[in-house]
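**Q** The structure under discussion is supplied below as structure tokens; questions concerning it will follow.
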Amino acid sequence: MARTVRAALLQAEWTGDKETMIEKHERYAREAAKQGAKVMCFQELFYGPYFCQVQDPQYYSYTEKIPGGRSPRRPAWC
């Protein structure tokens, strides 16, 4: 029997800081779940500027350890 899995894709404009980007993506994930999405796909480097466009050492601090980083330990988004 065929099974349909609804997915949502998101590519969003950078807000200028990591925390508001994470909050923005959490809102979109919740909305997608309300519309039936079971899988949510974010762009790579979703909470910071794309490093090929903005090569500034100030953003090196955005990196996180896996496992143990702050973002992977956030509460479930959906």
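**Q** Kindly provide the set of residues from the stretch 1-46 that are under 29 Å from Gln58 (Cβ atoms), of a type in the set (Val, Ile, Thr) and in contact (Cβ under 8 Å) with a residue 12 or more places away in the chain, ordered by number.
**A** Ile22
**Q** On to the next question. Out of the residues in the stretch 14-54 that are among the small types (Gly, Ala, Ser) and closer than 30 Å to Arg3 by Cα, which is surrounded by the most Cβ atoms within 10 Å (Cβ to Cβ)?
**A** Once the filter is applied, the top-ranked residue is Ala32.
**Q** Right, here's the next one. Quick check on my filter: what residues within the stretch 6-54 are farther than 24 Å from Lys65 by Cα, at pLDDT 90 or above and outside any helix (DSSP H, G or I)?
**A** Arg6, Ala7, Ala8, Leu9, Gln35, Gly36, Ala37, Lys38
**Q** Okay, next question. Looking only at residues in the stretch 1-13 that are small (Gly, Ala, Ser) and touching a strand residue (DSSP E or B) at 6+ places or on another chain (Cβ under 7 Å), which one is surrounded by the most Cβ atoms within 10 Å (Cβ to Cβ)?
**A** Among those that are small (Gly, Ala, Ser) and touching a strand residue (DSSP E or B) at 6+ places or on another chain (Cβ under 7 Å), it is Ala8.
**Q** Next up: Scan the stretch 55-71 and tell me whether some residue there is of a type in the set (A, V, I, L, M), touching a helix residue (DSSP H, G or I) at 6+ places or on another chain (Cβ under 9 Å), exposed (fewer than 11 other Cβ atoms within 10 Å of the Cβ) and not in a helix (DSSP H, G or I).
**A** yes
The values are calculated or read from the model by the stated rules, or taken from the named source; none is laboratory data. Keep in mind that this is a model prediction, so the values were computed, not measured. Glycine also receives a Cβ, built like all others from the backbone with ideal geometry; neighbour counts cover every protein chain displayed.
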